[in-house]
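S.K.: Here's a structure for you.
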Amino acid sequence: MDALLHFLPQVWFVILGLFLFLYVMLDGFDLGVGILSLTSSDEERRSLLMTSLGNVWDANETWLVVMGGALFGAFPLAYGTILNALYIPIFMMIFGLIFRAVAFEFREHSNRKLFWNFAFGAGSFLAALGQGFALGSVIEGIAVDEAGHFIGSTWDWLDWRSLLVALTLIQGYVLIGSTYLILKTEGELQKTHFRTARLAAITTLIGAILITIATPVFYETARTRLFTPPLFYIFAAIPLLGLLLVWLLLRSLNREEERTPFIWTILIFLLTFIGLGLIVFPYIIPTQITIYQAAAAPSALVFMIIFVGFLIPIMLFYNIYQYVVFRGKVVGSAYGD
Amino acid sequence: MVEILSNTVALSRMQFALTAIFHMLWPVLTTGMAIYLVIVEGMWLRTRNPDYYHHARFWSKLYILNFGIGVASGLPMEFQFGTNWAPFSEAVGDFFGSILGFEGAMAFMLEAGFLGIMLFGWGRVHPVIHYLATIMVAFGANLSTFWILVANSWLQSPAGGEMVDGKFVVSDYFQAILNPFMVKSVAHMFLATLETSLFVIGGISAWYILNQRHQAFFARSLKIVLAAAIAVAPLQIYVGHLSAEQVYHYQPTKLAAMEAQWETSPAGQPADWSLLAWPDESGAKNRWELTIPNALGYILEFKPTLSEPVLGLKEWKPGDRPRMVGLIYYSFRIMSGIGFFLAGLMLWSGLQWRLGKLSPEKIAQQKWLLRGWVFAAPLGYIAVEAGWIVRCVGRQPWTLYGQIRTADAASPLPAMNVLTSLTAFAVIYSILFVSTLYFGSRIIRKGPNLELPVPELDNQPAIDTTPAKFIPDQRPVEAQSVAE
């Protein structure tokens, strides 16, 4: 029974991690393309950019809904406390996502496309910014009482470290968005995004280095964890591996390869994600509430695994199928008639 | 008024109500319309009549518009439980949170995952695969209704466990899913989305016929809608009655508010039913009312006398009664009134159909009938909203009926934060609402594109074996030899 009490929250921690990673990767390139659209010079380009997402954006965004629901069900305490504490960044994200989503629909039918183009780009930026602040302040830690309830103040989430995380996340999204567009476009448009990808790779790298340095310097708890073997070796290996991947990415960009930049970027995201997971685990509100304290009753976790667990491969299957159906370069308007 | 602006609980309630009322407008249409799209695409595959194909393409334009806005406006619904109702989320997360998780993972993901293929996959996948995608979208949408209604019904009639130290501990998940309200509530909402969509499609079709555009084409959709609505409209009245009956048994405070009953009507006696009234909460009475003698027994139990007492609001302390009795009372009457109106319209349309007056040649002469259909187009929405007001305002002062009070369910937040987000929602959702009407009416005014090429079906050979028409080479003789 004791083993079960440990095992079930861990399983759900991994499942949540998977959902969150899928969301960050998939909606990451979505949001990145949105942010990039702000720099597009003409209507035709913006139209191609939006078309490249037309058939996938809402399935991508759904991972956020799935992740939210799973967090609510599996770790109700963490769900309530984190969302309560991050009221402003969460609504920033929600309003950003609303603008972005409606821009897709309304732009299609509107004569004044400029307004909706702006709503699309600005919404993507706002959503990414909100997510970045949320991520930054969760890593930093949320003020809670012994029962795990939020006791901090409204603006706790805003400081230079969470701003650094937010800006880096935005750069990361621009990077994955650029490499996605390299995959989906041709000609001038593709050339532009080789450039934006290079730029974003460098700015993301700078942000990541700053965060890697800032984390052990400013968070004592993280420091003690990071510098104790055997975890120390893993934490030392991750930045090195990261540098290798960034080098591979930049090399593939210089060679103007089409597919590999996207793959290297995904691996960089994955590596960062594993690193974050290792820093956070076993906490769900670092370093206050562990997954075991925040978990729902074991019966609830089992109940959810029965219903959701077996669905995960099926969900992955039809999401991949959708990408297979729409593989290849974007041409013209996805909406057709 | 100023008091409300500094009251976090009231503001959070207003925000939830506002977002829910607006959000509902979009999925109500897409959920029912998805079934309609399955029907027309199926008829196209069966009959190979291109009209059905063009119906599928035309209506899916309205579908995607509403779906996109539905997704956008629905996001805050899930997150508000955490941001504004954290104590509630913590107390009921084990069950309520799991169910929302299922909705996302099973239902919404299914709908979103196949939507791309349904909308943009016409030329890319085999028609049968496409049809499968359409079915999955419809199945996912209706599965969403199922899980959301499971969650909400459980709030209305919590089952499967008990409150222990402020947390709802579930002992039997299946009993919680199959809570007393579940089956009838799911059925009522399923029919509501279907009925709303049918009347929207029917109303738009009638508008085209009245305006003498594509009359034969839209007579077809009107007939499909009519065939379904003739069954759905009366059935909804029956299921609605069953829903009211479960309120009578499980939520006496809500029933008392729905009927603006202040005094108890004892069992074994006939009771009057109030048709119209002016409820006065501070005086705990109706200032005036118009009643039908002895009707309450017939309405609740189909017999003149009550077998159980109908409790009046005065049986509870003022703090345990639902507020806004007038709102609940009139919302209920608006909902039921619309239900009967739509059923009446079906009766009339059905008669005309029997008399052969709805044939494509004659249908345009039925001006008043068509106007009735156009008038009916928005009524489903109003009925759905009114019904949810009865359901959720009538549940007050409880969030989890009889267990968790709304006042204890809210997050302690600075009122200013909630006021800001509430204002932002009010502005944004109003823009979304007006824009949907504007762009929706644009799609409608533009009309269907009947020129759209119909995808090849497999009864045609993969390689065209019909002899090609001979086109003589008209280039100069020199050019012809170069080409070879």
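S.K.: Expressed as a whole percentage, what fraction of the accessible surface of the protein assembly as shown belongs to carbon and sulfur atoms when a 1.4 Å probe is rolled over the protein heavy atoms?
M.R.: Roughly 68 percent of what the probe reaches on the protein assembly as shown is carbon or sulfur.
S.K.: Reachable lysines from B:Lys317, Cα under 29 Å, same-chain residues fewer than 8 places away excluded?
M.R.: B:Lys167, B:Lys254, B:Lys285
S.K.: Can I ask one more? Expressed as a fraction of 2.2 N^0.38 Å, the rule-of-thumb size for a compact globular protein of N residues, what is the C-alpha radius of gyration of segment B:1-158?
M.R.: 1.25
S.K.: Can I ask one more? Please list the three semi-axes, largest first and in whole Å, of the ellipsoid equivalent to chain A, using sqrt of 5 times the eigenvalues of its alpha carbon gyration tensor.
M.R.: After scaling each eigenvalue by five and taking roots: 33, 23, 20 Å.
S.K.: For helix A:113-140, report the angle its Cα long axis makes with the longest principal axis of the Cα atoms of chain A; keep it between 0 and 90° and round to the nearest 10°.
M.R.: 20
S.K.: Suppose the Debye formula is applied to equal point scatterers at every Cα of segment B:335-447; what is log10 I(q)/I(0) at q = 0.13 Å⁻¹?
M.R.: The Debye formula, applied to the Cα set alone, gives -0.82.
S.K.: If segment A:26-135 were replaced by its equivalent ellipsoid, with semi-axes equal to the square roots of 5 times the Cα gyration tensor eigenvalues, what would those be, largest first, whole Å?
M.R.: Over the Cα atoms of segment A:26-135, the semi-axes work out to 28, 14, 11 Å.
S.K.: Further question on the same structure: Pop out the ³J(HN,Hα) list for segment B:157-168 in order, Karplus 6.51 cos²θ - 1.76 cosθ + 1.60 with θ = phi - 60°, rounded to Hz; leave Gly and Pro as x.
M.R.: Values per residue, Gly and Pro as x: 9, x, 9, x, x, 8, 7, 10, 6, x, 10, 7 Hz.
S.K.: Here's something else I'd like to know. Determine the total buried accessible area between chain B and chain A, counting protein heavy atoms only with a 1.4 Å probe; round to the nearest 100 Å².
M.R.: Heavy-atom accessible area buried at this interface is about 5800 Å².
S.K.: Related question: For helix A:160-184, report the angle its Cα long axis makes with the longest principal axis of the Cα atoms of chain A; keep it between 0 and 90° and round to the nearest 10°.
M.R.: 40
S.K.: Counting only heavy atoms of the protein chains, get the accessible area per residue of chain A (1.4 Å probe) and round it to a whole Å² value.
M.R.: Per residue, chain A has 41 Å² of solvent-accessible surface.
S.K.: Right, next: If you project the alpha carbons of segment A:158-208 onto the principal axes, what extent comes out on each, in Å, largest first?
M.R.: Extents along the principal axes: 42, 15, 12 Å.
S.K.: Give the shape of the protein assembly as shown as rounded, prolate or oblate, defined through the alpha-carbon gyration tensor: a ≥ b ≥ c are the square roots of its eigenvalues, a/c under 1.5 means rounded, and otherwise the shape is prolate if a/b is larger than b/c and oblate if not.
M.R.: It comes out oblate by the Cα gyration axes.
S.K.: Another question, then. Residues with amide H under 5 Å of B:Thr291's amide H, sequence separation 5 or more or different chain, H placed in the peptide plane at 1.01 Å from N; which?
M.R.: B:Leu275
S.K.: Okay, next question. Over the Cα atoms, compute the radius of gyration (one decimal) and Dmax (the largest Cα-Cα distance, rounded to a whole number) for segment B:385-460, in Å.
M.R.: 23.0, 67
S.K.: Report the equivalent ellipsoid semi-axes for segment A:69-120 in whole Å, largest first, defined as the square roots of five times the eigenvalues of the gyration tensor built from alpha carbon atoms.
M.R.: For segment A:69-120, the semi-axes come out at 33, 12, 4 Å.
S.K.: Assuming R0 = 41 Å, can you tell me the calculated FRET efficiency for the pair B:Leu5 and B:Lys362, based on Cβ-Cβ distance, to the nearest 0.05?
M.R.: E between B:Leu5 and B:Lys362, to the nearest 0.05, is 0.10.
S.K.: From Cα coordinates alone, what are the radius of gyration and Dmax values for segment A:45-201 in angstrom?
M.R.: 17.7, 58
S.K.: Using label points projected 7 Å from each Cα along Cα→Cβ, tell me how many nm separate B:Val164 and A:Arg223, to one decimal.
M.R.: The modelled label-to-label distance comes out at 4.3 nm.
S.K.: Counting only protein chains, not ligands or nucleic acids, how are B:Met43, B:Met118 ordered by accessible area (probe 1.4 Å), most first?
M.R.: My answer, sorted largest first, is B:Met43, B:Met118.
S.K.: Can I ask one more? Multiply the residue separation of A:Ile314 and A:Leu244 by 0.36 nm, subtract the distance between their alpha-carbon atoms, and state the gained length in nm to one decimal.
M.R.: 21.8 nm
S.K.: Here is a follow-up. Over chain A, what is the relative contact order in percent, taking alpha-carbon pairs closer than 8 angstrom and at least six residues apart?
M.R.: 25
S.K.: Shifting gears a bit: At q = 0.29 Å⁻¹, what log₁₀ I(q)/I(0) does segment A:31-96 have when each alpha carbon counts as one equal point scatterer in the Debye sum?
M.R.: Computed log10 I(q)/I(0) values: -1.21.
S.K.: Given the pairs B:Lys61/B:Lys184; B:Lys367/B:Lys446; B:Lys61/B:Lys367; B:Lys184/B:Lys223; A:Lys113/B:Lys61, which are separated by over 25 angstrom at their Cα positions?
M.R.: Table pairs above 25 Å Cα-Cα are B:Lys61/B:Lys184; B:Lys61/B:Lys367; B:Lys184/B:Lys223.
S.K.: Here's a follow-up. In the calculated pair distance distribution of segment A:169-246, what percentage of Cα-Cα distances lie above 17 Å?
M.R.: 56
S.K.: What FRET efficiency comes out for the pair B:Glu301/B:Leu355, r = Cβ-Cβ distance, R0 = 41 Å, nearest 0.05?
M.R.: The pair B:Glu301/B:Leu355 has a calculated efficiency of 0.60.
S.K.: If one takes the longest principal axis of the Cα atoms in chain B, at what angle in degrees, from 0 to 90 and to the nearest 10, does the Cα axis of helix B:325-354 lie?
M.R.: The angle comes out at about 40 degrees.
S.K.: Nothing charged except the Cβ atoms of Lys and Arg (+1) and of Asp and Glu (-1): what's the magnitude of the dipole of the protein assembly as shown about its Cα centre? Round to the nearest 20 debye.
M.R.: Computed charge dipole of the protein assembly as shown: roughly 1740 debye.
S.K.: Using r as the Cβ-Cβ distance of B:Ile382 and B:Gln269, and R0 as 35 Å, what FRET efficiency do you calculate, to the nearest 0.05?
M.R.: In this case the efficiency is close to 0.50.
S.K.: At what distance in angstrom do the alpha carbon centres of segment A:119-146 and segment A:42-61 lie from each other?
M.R.: 24
S.K.: What area, in nm² and to one decimal, does the C-alpha convex hull of segment B:252-402 cast on average over all directions?
M.R.: If you wrap the Cα atoms of segment B:252-402 in a convex hull and average its projections, you get 11.2 nm².
S.K.: When all alpha-carbon pairs of chain B are counted, what percent fall beyond 30 Å?
M.R.: 54
The values are calculated or read from the model by the stated rules, or taken from the named source; none is laboratory data. Everything quoted here is computed from the prediction, not taken from an experiment. Ideal geometry is used to build each Cβ from the backbone, glycine not excepted, and the neighbour counts take in all protein chains shown. For accessibility, only protein heavy atoms count, side chains too; no ligands or nucleic acids. Shrake-Rupley method; radii C 1.70, N 1.55, O 1.52, S 1.80 Å.
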